[in-house]
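Reviewing the structure listed below.
The values are calculated or read from the model by the stated rules, or taken from the named source; none is laboratory data. Owing to the predicted nature of the structure, the values given are computational and were not obtained by experimental measurement. Here Cβ is always computed from backbone atoms with ideal geometry, including for glycine, and neighbour counts include all displayed protein chains. What goes into the accessible areas is simple: the full protein's heavy atoms, side chains included, and nothing from ligands, DNA or RNA. Shrake-Rupley method; radii C 1.70, N 1.55, O 1.52, S 1.80 Å.
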Amino acid sequence: MCWSLKELIAPEPVQKQPVVAWGSAGSGGKEGAKIPDLSSEGWTSSQENRPGVYEKLGTPQGLWTGGEMANPVPSACCVVLAAVVVVYAQRHSQLESHTQYERVGADVTMKCGSMDWDAAVTWTANGTDIDESHLNGSYLILKNVDLSQSGHYACYEGSSWHLKYQTYLRVGTPPKEPVLMCRSNNYPKGFYCSWHLPTPTYIPNSFNISVIHGTKDMVCEKDAIPKNRCHIRYLQLFSTVKYKVTLTVTNPLGKNFTTLTFDEFAIVKPDPPESVVAKPVPNNPRRLEVSWQNPSSWPDPESFPLKFFLRYRPLILDQWQHVELSDGTSHTITDAYAGKEYIIQVAAKDNDIGTWSDWSVAVHATPWTEEPKHLTTEAQITETTSASTSSFMAPPTTKICDKGAMVGSGAMAVCWTAGLVVAAYSVLFI
C-alpha cells in the first residue's frame with residue numbers, strides 16, 4: 001500500500017476499529033471474539049497499564065486489545081514519495097515575501113536572509129539561475145538596474161535548495177510634477193478636476209487632492225471611471241472668493257505636488273456642440289445649411305444661454321472662414337465654392353463667462369450642383385461628329401519643295417529648276 005501525495009500532505013483522519021482480542025485467555029482463545037462491556041459488573045480497565053485492559057480477564061501482558069487498529073507500514077514507494085514532498089516543500093516553502101523599490105540606474109544589493117557572507121547560495125530571477133559573476137559572497141549585486149530587471153528574486157542555501165530569502169524587485173522613477181486641470185462643463189452645478197503624470201513612473205502611485213474655498217475645505221468626490229478625476233459641487237454661486245486645489249502624488253521613490261488657484265467664472269468651458277449636420281441647399285450651388293444641438297452636459301441653456309462659433313473651409317484650401325452666432329443652433333453658409341467639398345466644425349461658449357469649448361467633430365458636405373445635360377437630337381449629334389472629324393484634318397502645307405516628300409534625282413532637279421525660275425523673275429522686275 002502506498003499513500004498519495006495528497007494523503008502525505010494532509011492525511012485523512014484515522015478511522016476507529018472495533019476492540020478485538022486475539023486469542024486472549026479471557027476470551028477463550030477464539031480469534032475475533034469481542035470483549036464485552038463488563039464495567040457494570042465490577043470489572044475495571046487499567047488506563048495506566050494498557051497491556052491489561054480487563055485485569056480479571058487474564059489477558060496476557062504485551063498484547064493490547066483495547067485500542068485502535070494501526071495502519072499498515074508504508075512501502076518503499078511511499079518513502080520515496082515522502083522524500084520528494086520534503087524537497088519540494090523546502091524549495092517552495094512560504095517565506096515572507098518582500099517588495100523592494102529601486103530607481104532606474106541605481107546599484108542594488110540583496111542579502112540572502114540571515115545567511116553568512118561566505119555561505120554557498122544560489123540566486124534566481126523569475127525562476128532562472130543567476131550567474132555567479134553577479135554575486136559577492138552570498139550577496140547579489142545588480143549594477144545600473146533598468147526596467148527589464150524588475151521581477152521575483154529568490155535565494156536558496158547551497159545544494160539543499162532551502163529557500164532563505166525572496167523579494168519582488170520593482171524598478172521605477174519618482175514622480176514628476178503632476179498636470180492638474182479644473183473645469184466646469186455643467187455650470188452652475190459645479191466643476192471637476194482631472195490629473196495625470198507627464199511621464200510614467202512604472203511603479204504604483206497614489207494621489208491626494210484637497211480643495212479649499214476661502215478657508216473652507218470641500219469634498220472632491222472621486223469618479224470610479226476614470227480614476228484620475230473628481231467632482232466638486234458649488235456651495236455658493238457668483239462667489240468672488242477663489243478656489244485653491246492642491247494635488248500631491250506619492251510613490252515609494254518620492255513625491256511631488258502642484259497647486260491651482262482660480263475663481264469659478266474662469267474655469268467655465270462647455271463641451272462641444274453635438275449632432276452637427278451639414279447639407280446642400282437645392283438649386284443653390286453656393287449654399288450649405290448647418291445645424292447642431294447644445295451639449296447634453298449643459299444643464300440649463302435657458303438660464304445660461306450659449307453662443308456659437310462656426311468655422312468652415314473647402315478641402316482644397318487650408319484657410320478657415322469664421323462666423324460667430326449669438327443665438328440659434330443653425331446657420332446657412334452663402335459663400336461656398338460650387339462643387340467643392342467642405343469641412344465644418346462648431347464651438348460653444350457661455351454668453352458672459354468662461355472660455356470657448358473644443359471644436360465639435362468635423363462634418364463634410366458639398367454644395368448642390370446641377371446635373372449635366374445630355375445631347376438628344378440627331379442634328380446635334382451630326383454637327384458634333386462633323387466638328388470632331390474636321391478637327392483631325394492635317395493643315396495644308398505652304399512649302400515649295402519638301403525634301404522629305406520627294407524621292408530620286410529627278411525630283412531634286414525639278415526642285416532646283418523651280419528655284420531658278422523664281423530667281424529669274426525676281427531679277428527682271430528689280
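Pairs, please: C-beta under 9 Å, at least 6 apart or cross-chain, first residue within 29 Å of LYS279 (Cα to Cα) and in segment 345-358, second β-branched (Val, Ile, Thr) and loosely packed, with under 15 Cβ neighbours inside 10 Å?
Every condition considered, the pairs that remain are GLN345/VAL361; LYS349/THR355.
Only residues that are more than 23 Å from TRP161 (Cα to Cα) and open to solvent by 80 Å² or more (accessible area, probe 1.4 Å): list them for segment 95-116, please.
Of everything in segment 95-116, those that are more than 23 Å from TRP161 (Cα to Cα) and open to solvent by 80 Å² or more (accessible area, probe 1.4 Å) turn out to be ARG103, ASP107.
Could you list, in sequence order, all residues of segment 122-140 that are within 23 Å of TYR101 (Cβ to Cβ), open to solvent by less than 60 Å² (accessible area, probe 1.4 Å) and in a strand (DSSP E or B)? Break it down into steps so the answer makes sense when it comes.
Going residue by residue through segment 122-140, those that are within 23 Å of TYR101 (Cβ to Cβ) are 123-128, 130, 134-136, 138-140.
Filter once more, keeping what is open to solvent by less than 60 Å² (accessible area, probe 1.4 Å): 123-125, 130, 135, 138, 140.
Scanning segment 122-140 gives TRP123, THR124, ALA125, LEU135, LEU140.
Every residue in segment 360-372 that is loosely packed, with under 15 Cβ neighbours inside 10 Å and either closer than 28 Å to PRO305 by Cα or among the small types (Gly, Ala, Ser) (or both), please. Step through it out loud before you land on a result.
We begin by selecting, within segment 360-372, every residue loosely packed, with under 15 Cβ neighbours inside 10 Å; these are 361-362, 364, 369-372.
Listed by number, the residues that qualify are VAL361, ALA362, HIS364.
Looking at ILE344, ILE353 in this structure, which one is within 29 Å of PHE262 (Cα to Cα) and surrounded by 14 or more Cβ atoms within 10 Å (Cβ to Cβ)? Please lay out each step first, then the result.
Working: ILE344 fails: within 29 Å of PHE262 (Cα to Cα).
Unique residue meeting the criteria: ILE353.
Would you pick out the residues in segment 137-180 that are of a type in the set (D, E, K, R) and in contact with a Cys (Cβ under 7 Å, 6 or more places away or on another chain)?
Taking segment 137-180 first, the residues of a type in the set (D, E, K, R) are 143, 146, 157, 164, 170, 176-177.
Residue satisfying the conditions is LYS164 alone.
If you scan segment 224-248, which residues turn out to be under 12 Å from ILE209 (Cβ atoms), free of Cβ contacts under 8 Å to residues at least 40 places away in the same chain and hydrophobic (A, V, I, L, M, F, W, C)?
Answer for segment 224-248, where residues must be under 12 Å from ILE209 (Cβ atoms), free of Cβ contacts under 8 Å to residues at least 40 places away in the same chain and hydrophobic (A, V, I, L, M, F, W, C): just CYS230.
Cβ contacts < 9 Å: first residue without any contact (Cβ under 8 Å) to a residue 40 or more places away in the chain, restricted to segment 202-214; second residue open to solvent by 60 Å² or more (accessible area, probe 1.4 Å) and among the acidic types (Asp, Glu), any location; separation 6+ or different chain. Result?
Matching pairs, first to second residue: SER210/ASP217; VAL211/ASP217.
Taking ARG313 as the residue in question, decide whether it is open to solvent by 40 Å² or more (accessible area, probe 1.4 Å), assigned to a strand (DSSP E or B) and touching a Pro at 6+ places or on another chain (Cβ under 7 Å). Talk me through it step by step, then tell me what you get.
Values: open to solvent by 40 Å² or more (accessible area, probe 1.4 Å): yes; assigned to a strand (DSSP E or B): yes; touching a Pro at 6+ places or on another chain (Cβ under 7 Å): no.
No: the conditions fail for ARG313.
Given SER303, SER330, which one is in contact (Cβ under 8 Å) with a residue 12 or more places away in the chain, under 30 Å from ASN186 (Cβ atoms) and open to solvent by 60 Å² or more (accessible area, probe 1.4 Å)?
Values: SER303 fails: in contact (Cβ under 8 Å) with a residue 12 or more places away in the chain.
Exactly one residue qualifies, and that residue is SER330.
Please work out which one of (1) open to solvent by 30 Å² or more (accessible area, probe 1.4 Å); (2) among the β-branched types (Val, Ile, Thr); (3) in a strand (DSSP E or B) is the condition VAL276 fails and give its number.
(1)
Consider GLY339 against the criteria (1) open to solvent by 60 Å² or more (accessible area, probe 1.4 Å); (2) in a loop (DSSP other than H, G, I, E, B); (3) of a type outside the set (A, V, I, L, M, F, W, C); (4) under 30 Å from GLU370 (Cα atoms): it satisfies all of them except one. Which criterion is unmet?
Of the numbered conditions (1) open to solvent by 60 Å² or more (accessible area, probe 1.4 Å); (2) in a loop (DSSP other than H, G, I, E, B); (3) of a type outside the set (A, V, I, L, M, F, W, C); (4) under 30 Å from GLU370 (Cα atoms), the odd one out for GLY339 is (1).
Regarding segment 256-267, can at least one residue be identified that is crowded, with 18+ Cβ neighbours inside 10 Å, of a type in the set (Phe, Trp, Tyr) and within 30 Å of VAL361 (Cβ to Cβ)?
No, segment 256-267 contains no residue that is crowded, with 18+ Cβ neighbours inside 10 Å, of a type in the set (Phe, Trp, Tyr) and within 30 Å of VAL361 (Cβ to Cβ).
For residues that are out of contact with any Asp or Glu (no Cβ under 6 Å at 6 or more places or on another chain) and of a type in the set (Val, Ile, Thr), scanning just segment 146-193, find the one that is least open to solvent (accessible area, probe 1.4 Å). Can you show your working first?
Taking segment 146-193 and keeping what is out of contact with any Asp or Glu (no Cβ under 6 Å at 6 or more places or on another chain), we get 146-163, 165-170, 172-184, 186-193.
Remaining after also requiring of a type in the set (Val, Ile, Thr): 167, 173, 179.
Working: THR167: 0, THR173: 40, VAL179: 63 Å².
Here the residue is THR167.
Look at segment 141-180 and say how many of its residues are in contact (Cβ under 8 Å) with a residue 60 or more places away in the chain and part of a strand (DSSP E or B).
Step one: filter segment 141-180 for residues in contact (Cβ under 8 Å) with a residue 60 or more places away in the chain, giving 156, 160-180.
Filter once more, keeping what is part of a strand (DSSP E or B): 156, 162-172, 179-180.
Count: 14.
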